[in-house]
Amino acid sequence: MMVKEQQDKVTGVIIGCAMEVHNTLGNGFQEVIYQRCLSLELNIKGMEHSREVEMPIFYKGNDVGLRRADFLVMGEIMVELKAIILLEDVHLAQALNYLEAYKLQTGLLINFGAKSLQVKRIFNKKFV
């Protein structure tokens, strides 16, 4: 598991890549376009990542289905993308729930749909 300093460095690189995508494309495209562009930027930076990672969701020890994370970076950092006008509390709550369900420590919620890029770093309380 990465230590916090490593996670901070990696999330900083991811945010920089997202800023490059947003600065180049602006807002107004579908989420999948931003996802493809962010993947290209992560490749340029040499960041190991997987897109559309299917991860099981458990309820009281029972596998109840799969959920796709937009990105899993360096095997530990979940990145959820949105392309909406405004991030709302429900999007943050959803991302936090995914972090807990996937048993991951750190994640990013990135919204490309606003005029300015919106980024929220999220942390799983079970690791604090």
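The values are calculated or read from the model by the stated rules, or taken from the named source; none is laboratory data. These numbers were taken from a predicted model, which means no experiment stands behind them. Cβ atoms come from the backbone with ideal geometry, glycine included; neighbour counts cover every protein chain shown.
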Within segment 38-46, is there a residue that is under 22 Å from Val10 (Cβ atoms) and either at pLDDT below 95 or among the acidic types (Asp, Glu) (or both)? yes
Among the candidates Gly46, Gly75, residue that is of a type outside the set (Lys, Arg), free of Cβ contacts under 8 Å to residues at least 24 places away in the same chain and either out of contact with any Gly (no Cβ under 7 Å at 6 or more places or on another chain) or closer than 22 Å to Ala114 by Cβ (or both): Gly46
Restricting to segment 32-60, name every residue that is polar (S, T, N, Q), closer than 21 Å to Leu104 by Cβ and in a helix (DSSP H, G or I). Gln35, Ser39
Give just the number: which of (1) modelled with pLDDT of 95 or more; (2) touching an Asp or Glu at 6+ places or on another chain (Cβ under 6 Å); (3) of a type outside the set (S, T, N, Q); (4) not in a helix (DSSP H, G or I) does Phe29 not satisfy? (2)
Residues within segment 16-26 that are loosely packed, with under 13 Cβ neighbours inside 10 Å and assigned to a helix (DSSP H, G or I), tallied: 3
Given (1) hydrophobic (A, V, I, L, M, F, W, C); (2) in contact with a helix residue (DSSP H, G or I) (Cβ under 8 Å, 6 or more places away or on another chain); (3) closer than 18 Å to Phe58 by Cβ, number of the condition Leu99 does not satisfy: (2)
Could you count how many residues in segment 74-128 are of a type in the set (D, E, K, R), at pLDDT 90 or above and surrounded by fewer than 18 Cβ atoms within 10 Å (Cβ to Cβ)? 6
Within segment 34-70, the count of residues that are within 20 Å of Lys120 (Cα to Cα) and in contact with a helix residue (DSSP H, G or I) (Cβ under 7 Å, 6 or more places away or on another chain) comes to 10
